[in-house]
Amino acid sequence: MLGVNTSNFVPEYISGHWVWNEEKEKFLFAFGKEASKEAKKGEFMMTNGFKFPTTINQVHELIYRQEFARPSISYDSEVIIIQDVKNLVAFLAPSTLLTKSLVEFINTETVASFLKALILYFQYFLKVVEFILIQRDEVTGEKAVLLNAENPDMRRAFSAHLQQYRLLVAREYSQIILGEGDTKKFYHIKPIANISRSSFDNSFHEAFLAYCTQVVWITLHRRAYDVIDMEMNRLFRSEHFKLTKYPRYQFTKPEAQTLYGPNYKICNYRYQNSPLIQEITKVDKHNKPILYVGKRKYRGNDLRIMQIELEYIVDSAQVSLIGFNLGILGHPKRLYNTLLKLDWQEVRNNNFSATNDPFGIFTQPHLEIPSFGEEKLRQYSETYESFYTVKRRNEYWDPSMIRKWKKRDKILKYFEAEGVISDVWVKCMKEVADTSKGPSVEEIVKKFLNEKAKLRKKKVQN
């Protein structure tokens, strides 16, 4: 039982269930071993060989709120932004993953832009996968129907949109692997010796992919983890080096062409490039302005480029203002608990419904059907010279917060051992039960006068 963010009280009951007692005519909490066993079954989940806990106890919850969560004085503290998800994943990450290098790396501007592009891509990818699976059931079920003549054009439009989002991810990923800008210090080749740190780069790469997978999964309402993990492995490893196979998502050739685009090629593993690199090495002329989205203000008449630019550059706290839903980003924090899971009771208390749904909570994620012939018309669009550079605003950890994340395990052990974290009720009980007498008034005055005399002597000497 996790409390909401505004609470500073440790819940009394850890695990169990509520039952109706007919004799006392009220609900009583039944704590049992069976509830504990059920809770332990889903206690962890594996991502790239790293164990991420799915729950936290009440003490860790209070430590996270007090020491690691985004403070209330920060920018748009009342809504969820990408930084909130990054904080939660970093807190839940195992010690083997959250190294000092990774803490500094995920605090860079390049990684912030990369995560935004990755979330945009996966949100659209999950919608297209769902569309394909539903259509597969329609044509193979007991009440099978024939596909209409417009279906191939629709699939090509979906594939083109996926390719455009994938190109945006590829642009950010190429800056990371080339070690450009603020990621230069993490490049795997030493500048003077010119020797690759292969073992460091391998472990660092695996940890970063696991971190990104968790960020995307939590941001997208913790839906379709298998699909996210499958596509994440394909994007950054290719088919040869996938860690996990998912037989349920074996796509046919036409389905794979829709999802992976025309540039995806499988060859011998010695010459295989990752799909992201394949995308960026062969860019169509009308898609080249995507390489400058978020860097320079687009000037032209291509409506599709304008839409991608709007979705990418608008801050995650204000995406609902442009009529765009991006997972849990931009939603009020009061509707979610500490683990950023939706609290339906709070949703009902705020009178959200299917007719009053500004954040797309009740409305199911839908896939807008693009206009037919859109890609052909885009080939005739014009792009003009850009005069303005664009810089996205991102939230970062300050140096003191970075030092705190590097010592996360030590901080947890300290608070657990010292018992500093406790709720208000427990503190009051301890003070009431305390019978010890403090120093007398004479001792307090004497101590004050001594300190005052010392300060005055120092001032006179100076």
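The values are calculated or read from the model by the stated rules, or taken from the named source; none is laboratory data. Computed from a predicted structure; not experimentally measured. Every residue, glycine as well, gets a Cβ built from its backbone with ideal geometry; the counts of neighbours run over all protein chains shown. Just so you know, the surface numbers come from the protein's heavy atoms only, side chains and all, with ligands and any DNA or RNA stripped out. Shrake-Rupley method; radii C 1.70, N 1.55, O 1.52, S 1.80 Å.
Among [x] 3, 16, 25, 24, 15, 9, 5, 2, 1, 0; [y] 4, 17, 22, 21, 18, 12, 5, 2, 0; [z] 4, 19, 27, 23, 14, 7, 4, 1, 0, which one is P(r) over Cα pairs in 10 Å bins from 0, in percent computed from these coordinates?
Derived directly from the coordinates: [x].
Summarise the accessible area of the chain (1.4 Å probe, protein heavy atoms) by the percent that is carbon and sulfur. Write down the numbers at each step before the final one.
Details: 15050 of 27210 Å².
Answer for the chain is 55 percent, counting heavy atoms of protein chains only.
Along the charge dipole of the chain, pointing to its positive end and built from +1/-1 on Cβ of Lys, Arg, Asp and Glu, which listed residue (I305, Q250, G179) has its Cα farthest out?
G179
For the pair Q175 and T140, how long in nm is the line joining their label points, each one 7 Å along Cα→Cβ?
It works out to 4.1 nm between the two label points.
What pairs in K297/K333; K297/K376; K245/K285; K410/K446; K51/K295 have C-alpha atoms more than 30 Å from each other?
Correct reply: K297/K333; K245/K285; K410/K446; K51/K295.
If you add up the charges near L303, with Lys and Arg at +1 and Asp and Glu at -1, over every other residue whose beta carbon is less than 11 angstrom from its beta carbon, what do you get? Let's see the in-between values first.
Values: positive: R304, R378; negative: D302, E309, E374.
With Lys, Arg at +1 and Asp, Glu at -1, the net is -1.
What accessible area per residue, rounded to a whole number of Å², is obtained for the chain using a probe radius of 1.4 Å? Don't skip to the end; give the middle numbers.
Details: 27210 Å² over 462 residues.
Spelled out: the 1.4 Å probe surface of the chain, per residue, equals 59 Å².
Which angle from 0 to 90°, rounded to the nearest 10, does the C-alpha axis of helix 151-178 make with the longest principal axis of the chain?
The helix 151-178 is inclined about 50 degrees to the chain.
By per-residue mean of other Cβ atoms within 10 Å, what is the highest-first order of 163-170, 388-395?
Top of the packing list down: 163-170, 388-395.
What FRET efficiency comes out for the pair K265/S72, r = Cβ-Cβ distance, R0 = 41 Å, nearest 0.05?
With a Förster radius of 41 Å, E is 0.25.
How much net charge surrounds S274 when only other residues with a Cβ under 15 Å from its Cβ are counted (Lys, Arg +1; Asp, Glu -1)? Walk me through the numbers on the way to the answer.
On the way: positive: R166, R171, R234, R237, K242, K265, R270, K282; negative: E172, D201, E206, E231, E239, E279.
Here the charged neighbours net out to +2.
Find which of F105, Y75, G49 sits farthest along the positive direction of the dipole of the range 42-105, computed with +1 on the beta-carbon of Lys and Arg, -1 on that of Asp and Glu, about the Cα centre.
Toward the positive end, the furthest listed residue is G49.
May I ask you to compute the full-extension gain from F44 to S381, defined as 0.36 nm times their residue separation minus their alpha-carbon distance, rounded to one decimal in nm?
Numbers: separation 337, 0.36 × 337 = 121.32 nm, distance 5.00 nm.
Here the segment from F44 to S381 would lengthen by 116.3 nm.
Ignoring everything except DSSP H segments at least 4 long, calculate the 222 nm mean residue ellipticity for the chain; use -39,500 (n - 2.57) per segment, divide by total residues, nearest 500. Intermediate values should be presented prior to the final figure.
Values: 17 runs with 214 residues, N = 462.
That calculation yields -14500 deg cm²/dmol at 222 nm.
Just add up the charged neighbours of E104: K/R +1, D/E -1, any other residue whose Cβ is under 10 Å from the Cβ of E104. Present the calculation step by step, with values, prior to reporting the outcome.
Working: positive: K100, K185, K406; negative: D182.
Neighbour charge sum, excluding E104 itself: +2.
Applying a 10 Å radius around every beta-carbon, put 354-365, 315-326 in order of their mean neighbour count, most first.
315-326, 354-365
Give the cross-link partners of K413 among the aspartates and glutamates, using a straight C-alpha distance below 16 Å as the criterion and excluding same-chain residues fewer than 8 apart.
Those aspartates and glutamates meeting the cut-off are E61, E67.
So if I place +1 on the C-beta of Lys and Arg and -1 on the C-beta of Asp and Glu, and nothing else carries charge, what would the dipole magnitude of the range 84-401 be about its Cα centre? I want it in debye, nearest 20.
Working: 41 positive and 35 negative charges, 151 e Å.
The calculated dipole for the range 84-401 is roughly 720 debye.
With only Lys, Arg, Asp and Glu charged, each at its Cβ (+1 for the first two, -1 for the last two), find how big the charge dipole of the range 55-181 is about the Cα centre; round to the nearest 20 debye.
220
Within 10 Å, count the other beta carbons around each residue, average over each peptide in 301-307, 73-79, and list them highest first.
Averaged packing, sorted descending, gives the order 301-307, 73-79.
Output the 0 to 90 degree angle, nearest 10, between the alpha-carbon long axis of helix 424-433 and the longest principal axis computed from the alpha carbons of the chain.
Tilt relative to the chain: about 10 degrees.
Counting alpha carbon pairs within less than 8 Å and at least 6 residues apart, what relative contact order, in whole percent, applies to the chain?
It comes to 22 percent, rounded to a whole number.
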